Amino acid sequence: LPFLPLPSSMHLIQVDSVQRWMEDLKLMTDCECMCILQSKPISVEKDEQNELVLSSQYSTCDNLQLLLKRTWIISTELTRIAQKLEKNRWQRVHSMTVRVNCHVRSMINEYNMFTRNSSEEMHQFEKLLLDKCSEFTAFTERCIQTEDEQTLKSMKSCINETLTTIAQYFGQLIELVLTHEAQNLLRQIELSDSVYVTESAISSLFSLTQEGAHLCRIIAKEGGVAALFKICRQDCFRCLYPQTLRTLASICCVEEGMHQLEKVDGILCLADILTDNTHSEATHAEAAAVIAQITSPHLTFTQHLSSFLENMEEIVTALVKLCQEASSGEVFLLASAALANITFFDTMACEILLQLNAIKILLAACSDKHIVDTPYSRDQVVTILANMSVLDQCASEIIQGNGVQLLMEMLFERSSSGNSAEVAACERVQQKSAVTLARLSRDPEVAEAAVKLSCIPRLIKLCRSPTERNNSDSVLVACLAALRRLAVMSPDGVEDSDFQQLVKPRLVDSFLLCTNMEESFV
């Protein structure tokens with residue numbers, strides 16, 4: 001929605017402290033007072049001044065965030081009411097019902113304040129919801145005035161039924177409201193030729209996608225993918241490509257988004273963007289992020305991306321170039337993540353990477369601490385190396401690029417922050433570097449280089465010390481496999497006790513032995 005100019009008489013409300021108070025007031029108003037007022041405007045005059053003051057304070061994005069905040073509060077309160085009802089805490093049930101009633105009225109009032117074209121169906125659900133909330137409040141009020149256990153027991157089933165109905169009406173209303181808002185934003189994107197209006201609409205749409213998969217499904221069903229790719233095919237909106245592609249990446253986390261991408265030849269559009277050298281690095285990076293999203297090995301619905309195979313070679317070539325020329329760690333991370341996912345997606349990708357000297361480029365990038373600067377980036381690099389290591393030609397490339405040294409260093413990967421996501425990334429780096437060593441060590445030259453770099457003592461320590469591998473079973477299995485492969489190639493490098501416990505038994509027995517070392521006998 002476009003901003004409305006403020007009359008000169010209202011300039012006082014632009015003061016920061018007053019603005020902050022106005023924003024906070026909406027969510028801090030006393031619930032019981034609001035219920036009595038039923039969110040009626042204080043002014044009885046039918047001029048639009050009051051409405052103008054409030055609506056001018058918020059953009060569409062702010063209003064949607066306020067709506068989503070109210071939605072979360074009401075959902076949480078309804079869940080808590082059900083819990084208190086189970087425990088027959090009638091006084092709490094009633095006070096919470098009053099509060100929900102207030103929040104529902106405030107939400108509807110706020111929404112109607114900033115929307116201008118809500119449907120008749122939405123108004124019907126608003127009325128049904130408000131009526132049910134009033135009925136619910138009246139029920140719970142009677143309950144706190146009754147002490148007879150039998151009466152309360154008979155009323156409880158009726159209250160449960162009313163609560164279920166309120167939750168259903170609320171869910172249906174929110175679904176309609178969010179669909180309506182998505183339609184409005186997409187209409188702006190499709191009809192406007194103004195960069196400012198389109199940018200604002202895309203920003204609001206992106207904000208919605210961050211609220212979860214359900215909203216992404218709504219946007220996809222309403223044609224969001226088609227509308228955004230239409231922007232990416234117009235030169236006049238080039239400055240909006242990064243923002244548009246970022247929004248597309250978010251929508252494509254759901255199956256509906258992927259299907260829409262296939263329908264509108266989205267892969268071809270992404271390939272065109274990646275191979276067009278006139279685009280900015282930011283645009284290329286965001287296109288790589290979309291590729292990373294749609295090829296994620298965690299998704300179960302990539303089988304229909306038949307057009308990806310048709311464009312894979314030029315996409316992989318462009319991504320390798322982006323890795324080589326990346327000016328920042330973030331750009332490298334997005335490009336390498338896309339490549340890593342593609343190596344899972346199709347084995348032919350590994351052969352293309354080998355022809356493009358990708359191993360040399362990736363190993364060179366790892367020596368630049370400004371480019372490969374986090375465990376997340378190293379995770380992508382070692383994933384690519386692990387998947388490429390099934391090719392026989394890979395071993396010589398690794399040796400030439402001093403890759404065995406890098407794999408050895410990755411066995412020491414530790415989190416500096418203790419952040420759970422970073423710790424998990426470090427575990428993946430350790431595991432995949434061990435897997436890569438195990439696969440490559442079938443080549444005597446690689447095995448010899450690994451032994452010279454003291455890989456065997458490090459693998460033994462990772463097996464025997466749970467803290468070194470952060471108690472990760474997957475790291476343990478990979479290290480045992482790598483150790484056994486190296487022990488075959490260089491039996492003198494393993495002491496007898498280590499051989500008897502970690503190499504000679506069945507792998508499962510060695511695994512159980514090492515996991516039992518975690519037990520404390522204090």
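The values are calculated or read from the model by the stated rules, or taken from the named source; none is laboratory data. Please read all numbers here as calculations on a predicted model, not as lab measurements. Positions of Cβ are backbone-derived with ideal geometry, glycine not excepted, and every protein chain shown enters the neighbour counts. Accessible surface is based on the protein model in full, side chains and every heavy atom, while ligands, DNA and RNA are left aside. Shrake-Rupley method; radii C 1.70, N 1.55, O 1.52, S 1.80 Å.
Rounded to the nearest 10 degrees, the angle from helix 420-440 to the longest Cα principal axis of the chain is 30 degrees.
In terms of its C-alpha gyration tensor, region 57-177 has a prolate overall shape, because the principal axis ratio a/c (a ≥ b ≥ c, square roots of the eigenvalues) is not below 1.5 and a/b outweighs b/c. Taking the longest Cα principal axis of the chain as reference, the axis of helix 329-345 is set at about 70 degrees.
Expressed as a whole percent, the accessible surface of region 402-521 that belongs to carbon and sulfur atoms is 52, based on a 1.4 Å probe.
Principal axis extents of the C-alpha atoms in the chain (largest first, rounded to whole Å): 91, 65, 44. In straight-distance terms, cross-link reach from K230 covers every one of the lysines whose alpha-carbon lies under 21 Å from its own, apart from those fewer than eight places away in the same chain; here that gives K221, K263.
Assuming a ≥ b ≥ c are the square roots of the Cα gyration tensor eigenvalues, decide whether region 402-521 counts as rounded (a/c under 1.5), prolate (otherwise, with a/b larger than b/c) or oblate. It comes out oblate by the Cα gyration axes. Cross-link partners for K84 among the lysines, with Cα-Cα distance under 21 Å and sequence neighbours closer than 8 places in the same chain left out: K132, K153, K156. Helix 306-325 axis versus longest C-alpha principal axis of the chain: approximately 70°, rounded to the nearest ten.
Spatially, region 459-518 and region 221-266 are offset by 48 Å when compared through their Cα centroids.
The rule of thumb for compact globular proteins, 2.2 N^0.38 Å, goes into the C-alpha radius of gyration of region 271-404 0.97 times.
Candidate cross-link partners of K321 among the lysines, defined by an alpha-carbon separation under 23 Å and a same-chain spacing of 8 or more, comprise K360, K369. When K369, K84 are compared by accessible area of protein heavy atoms, the largest-first order is K369, K84, using a 1.4 Å probe. Only helices enter the 222 nm calculation for the chain: every DSSP H run of n ≥ 4 contributes -39,500 (n - 2.57), and dividing by all residues gives -23000 deg cm²/dmol, rounded to 500. Among the trypsin sites (Lys or Arg not before Pro) found in region 417-522, those both in a DSSP coil and sparsely packed, with 10 or fewer other Cβ atoms within 10 Å of their Cβ, are R506.
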